[in-house]
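Beneath this line is the structure, given in structure tokens, with notes to follow.
What follows is calculated from the coordinates using simple rules that are stated; it is not laboratory data. Everything quoted here is computed from the prediction, not taken from an experiment.
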Amino acid sequence: MANTDIISAWPAFSWGVIAGMRSMSAPALASHFLSRSFSPALAGSPLRFLQSAKVATGLKVLAATEIIGDKLPGAPNRIAAPVLSFRILSGALVGAGYSQQNKQSKWVGALLGGAGAIAGSYAFYFLRTRLVKNTAVPDWVYALLEDTMMLTSGIRLANATLKK
């Protein structure tokens, strides 16, 4: 793989990491930005729905619901099989959309997005559990910090990688 291939692979992986932090936020952010700038590369693709303003709105509602639900005591761990599977699918979707939009292989983008979701899920799960265990700060505070990091990183990633 050439250096330019490695550099172009990082955004798809990074979108996956965002999905690993909050599964619905990655597609919500991507769709929000894509709905504001038409991409001919997505126009004839099965991923064209990511450019729909209605889809973007629906995904934002789902993302907000997930952010609230994460703070509830009965929320499942992000590394539990069903939850992790959904995060992988979310990362794969956004990785594929990013890659298709940039005229790269959507299949490679999907693999990288899924891999990023696995990495992000485990990294932030263990980071939060260790912080809660080793400090007097409650989990919900770290959850809010993670939400802030996810949102600012996602917006910066979208601004840097999605065509306007």
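Find how many whole Å separate the alpha carbon centroid of segment 13-63 from the alpha carbon centroid of segment 144-164.
Here the answer is 12 Å between Cα centres.
What is the gain in length, in nm to one decimal, between R156 and A64 on full extension, counting 0.36 nm per residue of separation less the C-alpha to C-alpha distance?
31.2 nm
Mean residue ellipticity at 222 nm from the helices of the chain, using -39,500 (n - 2.57) per DSSP H segment of n ≥ 4 over the full residue count, to the nearest 500 deg cm²/dmol? Please report the intermediate quantities before stating the final value.
Details: 7 runs with 123 residues, N = 164.
The helix-only estimate for the chain comes to -25500 deg cm²/dmol at 222 nm.
Starting from one equal scatterer on each C-alpha and no solvent at all, send me the Debye-based log10 I(q)/I(0) for the chain at q = 0.08, 0.13, 0.21 Å⁻¹, two decimals.
So the normalised log intensities work out to -0.22, -0.57, -1.34.
Using only alpha carbon pairs under 8 Å that are at least six residues apart, calculate the relative contact order of the chain and give it in whole percent. It would help to have the intermediate numbers written out before the result.
Details: 277 pairs, mean separation 59.0, N = 164.
Computed over the chain, the figure is 36 percent.
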